[in-house]
Amino acid sequence: MRRAIPVAAAVAVGAVVLVLLLGAGGGGREQATTRLDDVLGYFAKDAPLVAVAPTDLASPQLHALAAVLGPVQVVDPLVDRLAGRLGLRDVDFNRDLKPELGGAPLVAGIQGGAYRRAGLKKAIVVATRIRNTIKIKRLLLRQPDLLPRTKPHGVRIWENRFGGSFAAALDGHILVAGGSRQAVAEALDNRRSIGRMRQSDFDDALAGLPRAAALRVSAYPRALLAGDKRLRGALRVPWVAALRRAGAALTATPAAIALAFRLHTDSSSVSTADLPLAPHAGAVPLIGGPGEVAIGVREPARVLQFAAALGRALAPKRAARLAAAEHALGEPGREIESDFTELLGPTASVAIDPLTRAWAARFPLPHSAAMNTALQQVADSLPDLAAALGFRGLGVATPDVGEPFYALARAHGPTVVFGVVGSALIAASSPHRAAALVTEATHTARGALVATVDAQRLALRLIGPRLGGLAALGAPLVLSSLGNVTLSASIDRSALSGQATLPLK
């Protein structure tokens, strides 16, 4: 028995050496420790975004979602429509794809290199384990537009010979499909790189969020912003520059569907004054009628100042034109912004109709007379300031005697109605909505940022016109189980976190 120990040790050492030699032999896939680890490897550790969803039909999360959707088919027609847009012919989700899902998680995300070079559409990649590679190869072979044109790491990549946004590869039992050959090739490179994502990296980004979820997302906001030249300027804003990894988890139970999220920030590089939301939660009044999204924030001055800083960073030329217009009007730069934000109260309430885009807002004021004076001083200058921002042709109408509302509008275009009524600043997209807002009742919620909407009513308005036959008749009954979606978020120097919940009746 004494000799068994050194013999066993020698065998173990030999196995380790053999694995290392094979792994260094050029291009082989490194063995993963879990099924999720295997598929996550097709993305880099610093990938802009990676999402994971279960495909095992026995998953309690999928069962809970199926119970909510009932007879309303959502996934199948969406996948079939997507396949059609990608140019894939005679592909049916239920017949060709669903039976071959291997029960391993499906991972979708953005390849950083392809995103920077070619944009978001061509950078998206989906990877998952499949059961029968022969059937998937036959599916690819019968596509007249797909040809096997490249073979990195000995893996054939099928791509659209007419330049369409689709490519696919079978790497062993892993199907890798994406918006371009470059994205799929980058995924194959990642799987063989020491910089590949592992399950531990993914789990670290979602620390504190539910692990058993219908969808888990890890994102790197800085990479998402830096990869798009239109958004890159936002990194000049201190709080945005301090962003690190972000995570979100969508969970489903018979009682509710919930989305928990957390955006981590480097607390050493951001101050409390840099935060876009109030660093303390509290009661916030909400307004809004049926079908409207009701939003409330604490310290609206902070939110508006952050939005202004973001606007200056994303559109510096427009910001310079605005500053020049303010100077020409005898209003030194930023004085208009600071004058108004300093007059705002501790909360603000906004209601938005997501379909018609009609909106209304109410800002309680500690000093309504001062705000009224400020509006009188700046009202005539608003068309010139709007023109500096690119909104030309606007005119302003001042209120008649005894009337509170100003109107800013373009001929045959949208209108903004605003004015001080009582102890509040009222603004809306129509005179009727502004007048109704004066006496509209409120309810309260707690948080730094809060929101709510009637999910049943909104869902019927969104999907009702797109359904037909039995689905159209059954949708109101199925969706009757949906309650009101509620969102609450809070912030400190280390993270922005919150949760949105949809209760099920």
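The values are calculated or read from the model by the stated rules, or taken from the named source; none is laboratory data. Owing to the predicted nature of the structure, the values given are computational and were not obtained by experimental measurement. Cβ atoms come from the backbone with ideal geometry, glycine included; neighbour counts cover every protein chain shown. Side chains included, ligands, DNA and RNA excluded: accessible areas come from the protein's heavy atoms. Shrake-Rupley method; radii C 1.70, N 1.55, O 1.52, S 1.80 Å.
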> Taking only protein heavy atoms and a 1.4 Å probe, what accessible area per residue, in Å², does region 422-467 have with all protein chains in place?
Replying inline: 52 Å²
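Give me the percent of the accessible area of region 371-455 that comes from carbon and sulfur atoms, probe 1.4 Å, all protein chains in place. All intermediate terms of the calculation are to be shown ahead of the outcome.
Numbers: 2500 of 4370 Å².
So the carbon and sulfur contribution to the accessible surface is 57 percent.
If we count every other residue with Cβ under 13 angstrom of Arg117's Cβ, Lys/Arg +1 and Asp/Glu -1, where does the sum land? Walk me through the numbers on the way to the answer.
Details: positive: Arg116, Lys121, Lys122, Arg181, Lys229; negative: Glu186, Asp228.
Summing Lys/Arg as +1 and Asp/Glu as -1 gives +3.
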>> With a cut-off of 8 Å between alpha carbons and a minimum separation of six or more residues, what is the relative contact order of region 109-255 in percent?
In response: 20 percent
> Check Leu425: other-chain or 5+ apart residues with amide H under 5 Å from its amide H, H built from backbone geometry?
Replying inline: Phe363, Leu365
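Going by accessible area, probe 1.4 Å, with all protein chains left in place, what is the ranking of Phe391, Phe166, largest first?
Working: Phe391 105, Phe166 20 Å².
Putting Phe391, Phe166 in descending order of accessible area: Phe391, Phe166.
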> Ordered by residue, what ³J(HN,Hα) values in Hz, to whole numbers, does region 204-219 give under the Karplus form 6.51 cos²θ - 1.76 cosθ + 1.60, where θ = phi - 60° and Gly and Pro are x?
Replying inline: 4, 5, 10, 4, x, 9, x, 8, 8, 9, 6, 7, 10, 10, 10, 9
> What are the ³J(HN,Hα) values, in whole Hz, obtained from phi via the Karplus relation 6.51 cos²θ - 1.76 cosθ + 1.60 with θ = phi - 60°, for each residue of region 193-198 in sequence order, with x given for Gly and Pro?
Replying inline: 10, 6, x, 5, 6, 10
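With the cut-off at 1.5 for a/c, could you classify region 380-443 from its C-alpha gyration tensor as rounded, prolate or oblate?
Details: a/c = 2.20, a/b = 1.85, b/c = 1.19.
Here region 380-443 falls in the prolate category.
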>> If I ignore ligands, DNA and RNA and count only protein heavy atoms, how much of Val438 is accessible to a 1.4 Å probe, in Å² to the nearest 10?
In response: 60 Å²
>> Leaving ligands and nucleic acids out of the surface, order His443, His63 by accessible area at 1.4 Å, largest first.
In response: His63, His443
> Which order, highest average first, do 348-355, 209-216 follow once you tally other Cβ atoms within 10 Å for each residue and take the mean per peptide?
Replying inline: 348-355, 209-216
> Out of residues 5 or more away from Tyr406 or on other chains, whose amide H comes under 5 Å of its own, with H placed 1.01 Å from N in the peptide plane?
Replying inline: Phe418, Gly419
> Pairs Lys45/Lys121; Lys98/Lys122; Lys45/Lys505; Lys45/Lys229; Lys98/Lys229: which exceed 32 Å Cα-Cα?
Replying inline: Lys45/Lys505; Lys98/Lys229
> Considering only protein heavy atoms and a 1.4 Å probe, what is the carbon-and-sulfur percentage of the accessible area of region 193-277?
Replying inline: 61 percent
> Classify region 94-163: rounded, prolate or oblate, from the alpha-carbon gyration tensor (a ≥ b ≥ c, eigenvalue square roots; a/c under 1.5 rounded; otherwise prolate if a/b is larger than b/c)?
Replying inline: oblate
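Going by accessible area, probe 1.4 Å, with all protein chains left in place, what is the ranking of Arg321, Arg138, largest first?
Working: Arg321 110, Arg138 150 Å².
Largest to smallest exposure gives the sequence Arg138, Arg321.
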> Could you give me the ³J(HN,Hα) list for region 264-275, computed from phi with Karplus coefficients 6.51, -1.76, 1.60 and θ = phi - 60°, whole Hz, x at Gly and Pro?
Replying inline: 7, 10, 7, 5, 6, 10, 9, 9, 4, 5, 7, 5
> Measuring from centroid to centroid over Cα atoms, what is the spacing of region 260-280 and region 159-236 in Å?
Replying inline: 26 Å
